[in-house]
Amino acid sequence: MQPSTSAHNFFRQLPTPRHLLFLALALSALFLLGFPGDGPLLTAEPGGLAVQIAPPGTALVPQSAPVATESAAERIKRILAEQRANGSGQAETDGSDAYAVALPTVQTTAVTETVAVDIPAPSAPPPARMLVWDGQPRTARVPVLMYHYLSVPPADANAYRIDLSVSPDLFARQLDRMQAEGYTTISLYDLLAHLWEGAPLPEKPVVLTFDDGYRDNYTNAFPLLRQRGMIATIFVVTDFMDEERPDYLTWEMAREMLAAGISIESHGRNHISLKNRDRDYLVWQALGSLETIEFELGVRPRFVSYPAGEFDAEIIAIFQSANYWAGFTTIQGATHSTGDPLRLHRVRVRNTTEPDELSRLLALDW
Ligand SMILES: [Zn+2]
């Protein structure tokens, strides 16, 4: 199934002045209307948000019912279409740009409708959860492992590709070692629930992350994880999936893994470094990847892994304003604190990381 709406196709194209105008209008509308089910970042809202705490040792993955809530883009488009039908709103004179309509006339009464999307229901979906920092400073040492390819590199692979590849055989031995040493895989939502709300973690928690969303994550890593009841997070490049590139995951694979507890989060739209870009471009990357994932999976991503590991203050500000909860760098380390969630560290797993070495990295206090 390949869902297709004009709003979705609109976001698949390269940024043009029309996109940038629309994104600006969409952001204005978000501030005017608020995001359904969304709340302020790092702000406690008395009685406003229901929070579900994960039972100890339980990995919660936020998932929606098989009805996707209307995205901001879809909502604005629909409201504007309704206004045109009613003769209200001020349509653009050339009639070609359906989005260039005065926003102050938007009615706030119609924003709670949902659009049915044919997404298979997860086998046992836990309810969506909202996380809000309770204001208590906390620090946690939880290694977040960083993988890329999960396959034997081809014969002509360069050193870079080889270093980024872990063979299925090595991965299986790493997983077995982690289990033997008492480690439990948790989700990034579990980590944030611990940091922000003090939710308990298992005794030896570990997070597995995969950057780029290669297809071998599905064909090789997923079965090995599932056999052991382990979970992971995959940071996907949404344009590569939309383009159906053969080396990358399909949305159908992502849906299947999501239903089995694998989180699908953002690695940007096209893996171009976000450094030294203007705000419009960053918004296009942050919101474009977010809306595509939400549209395809019915789940809003809350975590980003910065493409090429590059980030700066402007990038962090944009992702934070788009309500991403945390951002991952390639800086090495395993200690996280409430103070800097958009600059979290990870532990790189290499082609040469044998179980003994992994065991050492996992125990390291850094
Ligand atoms: Zn990457």
- Query: Would you pick out the residues in region 202-241 that are closer than 13 Å to S266 by Cβ, of a type in the set (D, E, K, R) and touching a Ser or Thr at 6+ places or on another chain (Cβ under 6 Å)?
  - Reply: D211
- In this structure, is E243 more than 16 Å from the chain's Cα centre (by Cα) and free of Cβ contacts under 8 Å to residues at least 60 places away in the same chain? yes
- For A334, which of the numbered conditions (1) within 16 Å of the ligand (Cβ to nearest atom); (2) touching a His at 6+ places or on another chain (Cβ under 8 Å) fails to hold? (1)
- Filter region 338-366 down to residues that are loosely packed, with under 13 Cβ neighbours inside 10 Å and under 23 Å from the mean Cα position of the chain (by Cα), then give me how many there are. 2
- Tell me which residues, restricted to region 235-279, are of a type in the set (S, T, Y) and within 16 Å of the ligand (Cβ to nearest atom). T238, Y248, S266, S273
- Determine if region 306-314 includes at least one residue that is surrounded by fewer than 22 Cβ atoms within 10 Å (Cβ to Cβ), away from the ligand (no atom under 16 Å from the Cβ), more than 20 Å from the chain's Cα centre (by Cα) and without any contact (Cβ under 8 Å) to a residue 24 or more places away in the chain. no
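Values in this text are rule-based calculations from the coordinates and carry no lab data. Bear in mind the structure is a predicted one, so any value in this text is a computation, not a measurement. Every residue, glycine among them, receives a Cβ derived from its backbone with ideal geometry; neighbour counts consider all protein chains shown.
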